[in-house]
1. Give segment 253-297 a look and list any residue that's in a loop (DSSP other than H, G, I, E, B), charged (D, E, K, R) and under 18 Å from the mean Cα position of the chain (by Cα), or say none.
2. Within segment 208-224, is even one residue part of a loop (DSSP other than H, G, I, E, B), among the hydroxyl-bearing types (S, T, Y) and at pLDDT 90 or above?
3. Going by the conditions given, is A93 within 22 Å of P268 (Cα to Cα), modelled with pLDDT of 80 or more and in a helix (DSSP H, G or I)?
4. What number of residues within segment 30-58 satisfy the criterion of being in a loop (DSSP other than H, G, I, E, B), over 18 Å from R10 (Cβ atoms) and not acidic (D, E)?
5. Report, by residue number, each residue of segment 96-142 that is touching a Lys or Arg at 6+ places or on another chain (Cβ under 7 Å), modelled with pLDDT of 85 or more and open to solvent by 40 Å² or more (accessible area, probe 1.4 Å).
6. Run R282 past the list (1) out of contact with any Pro (no Cβ under 7 Å at 6 or more places or on another chain); (2) modelled with pLDDT of 95 or more and report the number of the one that doesn't hold.
7. Going through segment 323-341 one residue at a time, which ones are open to solvent by 30 Å² or more (accessible area, probe 1.4 Å) and more than 21 Å from I76 (Cα to Cα)?
8. Those residues that are farther than 20 Å from L99 by Cα, part of a strand (DSSP E or B) and of a type outside the set (A, V, I, L, M, F, W, C), I need them from segment 242-252; list them, please.
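The values are calculated or read from the model by the stated rules, or taken from the named source; none is laboratory data. All of these numbers come straight from a predicted model, not from anything done at the bench. Every residue, glycine as well, gets a Cβ built from its backbone with ideal geometry; the counts of neighbours run over all protein chains shown. Just the protein is used for accessible areas: all its heavy atoms, side chains included, with ligands, DNA and RNA removed. Shrake-Rupley method; radii C 1.70, N 1.55, O 1.52, S 1.80 Å.
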Amino acid sequence: MKVAIVNDSRAAAEVLRRILAELPGFDLLWTAFSGEEALRMAATARPDIILMDLIMPGIDGAETTRRIMQTAPCVILVVTATTVGNRHLVFEAMGHGALDAVNTPTLGANGGMAGAEPLLQKLRTVARLVSPAPASPAPVSPAPAPEKPPRHHSGARLRQKHDASRLPIVAIGASTGGPQALSQILAHLPANFPAAIVVAQHVDDHFAPGLAAWLQHHTPLPVRIARHRELLAAPGVWLAASADHLVYNQDDGRLHYTPNPRDTPYRPSVDALFHSLAESHRALRIGVLLTGMGRDGAEGLLAMRSSGALTIAQDAATCVVYGMPKAAAELKAAAEVLPLNAIGPRILEAINSSLKTIPAPI
């Protein structure tokens, strides 16, 4: 994998260079010390991965990310001195196409690299997601449906399941470019939106609370971190926030975290969430697959469509990376392929229309 470093600090750039030198399969292609220099170098020598700083003189890292993703798209990992202190810029960069973010490792007193392991883990994950020039994509097996708690058929449990199946649910999956796309969709939905929204965005769990707070500025709906065994209700937005996968259990109407599937590089897995909603239901279920690299969510969206759910994929023109929605379109998993600005209104129209046709409880 060819890697580029964009950082105005020569000390930080040297730390990153040393880390790459010790990592098999990763080679440093070039180093830029400003956003402007990075734009010029990316145009002539496109890397597979860019390690992007945020705070730089001139063009900052978020704007540099936006321009590179338009002209020479590649995997961009934000590597900055403090991801927490620069949270707004982190999510702005991720909205423009950065895949993830991590704090810059530092050189310890003994010559070791403090804080290097999170960056190493992300680089290894990227290596599993992409390769420099694949001849043709290998077929991907469907993600196995996550394990569910054992079913009980008592009268109370059956009534609970009956009630849970009446809850309209919108499941949204996103990766590269997802934060900005999510904010645009949620901005279209009113405070009394009569459905629960569950989101699986590829992001480290320690960023999820910040993402929830950032999204809250764009919607009147309450945005919260999903907790294990939390009861789902409307209105509200629940955001996955774990290295495990967020799924919905229709038997008890609650959200659960599960470690399965264990072998997927996508965490949290959109496929796992979608598969958990691919059951018979009385109220409308909607699956939405947004911009992102790879194929996560395509098989699950197909399962949702087969179960009678409305399935939507973002179109190529409005995606930062047309990967996940493209995979869904190729599988015919999406009943509708829409531009980003049409997805929020379509969700609202579909939920409102469905509520007029649901039979009253017996």
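1. The first filter runs over segment 253-297 and keeps only residues in a loop (DSSP other than H, G, I, E, B), leaving 253, 259-269, 277-284, 290-291, 293-297.
From the residues that got through so far, the ones that are charged (D, E, K, R) too are 262-263, 267, 279, 282, 295-296.
Selection gives R262, D263, R267, R295, D296.
2. Step one: filter segment 208-224 for residues part of a loop (DSSP other than H, G, I, E, B), giving 217-222.
Going one step further and asking which of them are among the hydroxyl-bearing types (S, T, Y), we end up with 219.
Now restrict to residues that are at pLDDT 90 or above: 219.
Yes - at least one qualifying residue is present in segment 208-224.
3. Details: within 22 Å of P268 (Cα to Cα): yes; modelled with pLDDT of 80 or more: yes; in a helix (DSSP H, G or I): yes.
So A93 passes the test.
4. Taking segment 30-58 first, the residues in a loop (DSSP other than H, G, I, E, B) are 33-34, 45-48, 53-58.
Filter once more, keeping what is over 18 Å from R10 (Cβ atoms): 45-48.
Filter again for not acidic (D, E), leaving 45-47.
Summing the residues that are in a loop (DSSP other than H, G, I, E, B), over 18 Å from R10 (Cβ atoms) and not acidic (D, E) in segment 30-58 gives 3.
5. H96
6. R282 satisfies all of (1) out of contact with any Pro (no Cβ under 7 Å at 6 or more places or on another chain); (2) modelled with pLDDT of 95 or more except (2).
7. Here is the first cut: in segment 323-341, the ones open to solvent by 30 Å² or more (accessible area, probe 1.4 Å) are 326, 329-332, 335-339, 341.
Residues satisfying the conditions are A329, E330, L331, K332, A335, E336, V337, L338, P339, N341.
8. Result: Y248, N249.
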